[in-house]
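To keep things clear, I will list the structure first and then write my remarks on it.
No value in this document is a laboratory result; all are computed from the given coordinates. Small disclaimer: the values here were computed from a predicted structure and weren't measured. Ideal geometry is used to build each Cβ from the backbone, glycine not excepted, and the neighbour counts take in all protein chains shown.
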Ligand SMILES: [Ca+2]
């Protein structure tokens with residue numbers, strides 16, 4: 001039996017799948033257990049459906065809650081909301097407050113959410129003395145959505161200081177509008193814009209498609225289905241994208257820090273390294289650095305971060321990720337851009353929806369039910 005579409009897979013009711021998947025965890029892991037770092041998950045807070053986190057001023061971790069609130073986390077726990085846009089969003093389908101980011105100087109704060117019409121929006125606030133200045137709010141970019149699922153929604157400031165925005169293929173199933181490979185739409189793409197260079201934003205002059213009149217200038221990379229979570233390695237600047245698969249293959253994509261952009265990650269011709277519904281592999285397809293077969297475990301990859309903290313030296317340089325239906329926290333060991341081992345870290349975060357990286361480099365696991373776990377040494 002195979003579920004043909006999966007509109008609720010990212011954030012939805014998949015308890016049955018999850019419980020089945022949990023019993024099947026680790027079924028096809030490579031024999032790398034001896035190298036696996038020993039870690040523990042420490043529950044440090046309970047939030048309301050946490051979807052994203054960002055290291056903020058004063059050493060605090062800012063946590064986005066899907067219904068539309070942002071709270072800060074320190075050793076005393078979660079604050080009262082420092083931002084509340086709950087009247088402007090809904091959590092229908094895969095919607096809500098989906099991403100947050102600071103610029104490098106903590107001078108501006110960005111939020112990524114779907115509005116009451118389901119349109120994806122990124123808004124900007126000035127930050128002064130560690131506080132959001134509500135009156136400075138402005139909309140940076142807007143993208144209408146044909147369906148309620150596959151909104152992407154993660155945002156990050158890259159090592160270059162530009163704002164990167166992940167957008168899914170628009171939704172439904174099987175990319176019915178061919179958005180992944182269509183360079184004339186922002187759907188199914190990773191965007192790169194300069195939010196402070198113009199109004200509402202400027203295009204970085206070295207974006208890969210600025211000289212192509214048939215392509216949108218905002219596009220950094222394409223061929224993505226639902227790049228729900230992505231990150232940059234704080235040590236190297238390498239890009240990692242967790243791109244959620246359709247029916248069979250979950251994937252992690254990677255581009256080195258030296259990339260000039262323009263990568264084609266293949267969707268909707270390819271699902272992972274496999275042609276999708278008779279698709280033809282594009283000549284410039286950049287295959288995933290890691291993929292896994294959903295028949296063994298999981299249903300929806302949750303992209304994480306390369307660990308650059310101090311608490312777990314054995315985990316340094318490994319890409320930590322999970323799966324929404326499986327919950328096992330895993331890591332990829334890489335050498336020269338290739339995966340040399342997939343580690344089962346031996347801990348399970350439940351319905352892992354996201355990760356966050358604190359200012360000190362330590363990582364947090366966010367479960368949709370509310371748990372905020374810090375990854376500690378075992
Ligand atoms: Ca792909």
(message) Using a Gaussian network model on the chain with a 10 Å cutoff between Cα atoms, which of 328, 119, 302 fluctuates the most?
(response) 119
(message) Pick from 266, 173, 99 the residue whose mean-square fluctuation is largest in a GNM of the chain, springs joining Cα atoms under 10 Å.
(response) 173
(request) Starting from the Cα gyration tensor of region 170-317, take the square roots of the eigenvalues, sort them a ≥ b ≥ c, and report rounded, prolate or oblate (rounded when a/c is under 1.5, otherwise prolate if a/b is larger than b/c, else oblate). (result) oblate
(request) Would you work out the relative contact order for region 48-312, in percent, from Cα pairs under 8 angstrom that are 6 or more residues apart? (result) 11
(request) Within 10 Å, count the other beta carbons around each residue, average over each peptide in 189-202, 273-286, 345-358, and list them highest first. (result) 345-358, 189-202, 273-286
(request) Please report 258, 79 as a ranked list, fewest other C-beta atoms within 10 angstrom at the top and most at the bottom. (result) 258, 79
(request) Sort region 102-248 into rounded, prolate or oblate with this rule: let a ≥ b ≥ c be the square roots of the eigenvalues of the Cα gyration tensor; rounded if a/c is under 1.5, and if a/c is not under 1.5, prolate when a/b is larger than b/c, oblate otherwise. (result) prolate
(message) Shape verdict for region 202-284, please, from the Cα gyration tensor: rounded (a/c under 1.5), prolate (a/b greater than b/c) or oblate.
(response) oblate
(request) Would you give the gap between the C-alpha center of region 184-213 and the C-alpha center of region 96-164, rounded to a whole Å? (result) 15
(request) Would you mind computing, in nm to one decimal, how far apart the modelled labels at residue 296 and residue 283 are, each placed 7 Å from Cα along Cα→Cβ? (result) 3.5
(request) Before anything else, pin down the relative contact order of region 276-340: Cα pairs under 8 Å, at least 6 apart, normalised by residue count, whole percent. (result) 26
(message) Among 64, 101, 36, which one shows the highest mean-square fluctuation when the chain is modelled as a Gaussian network with alpha-carbon springs under 10 Å?
(response) 36
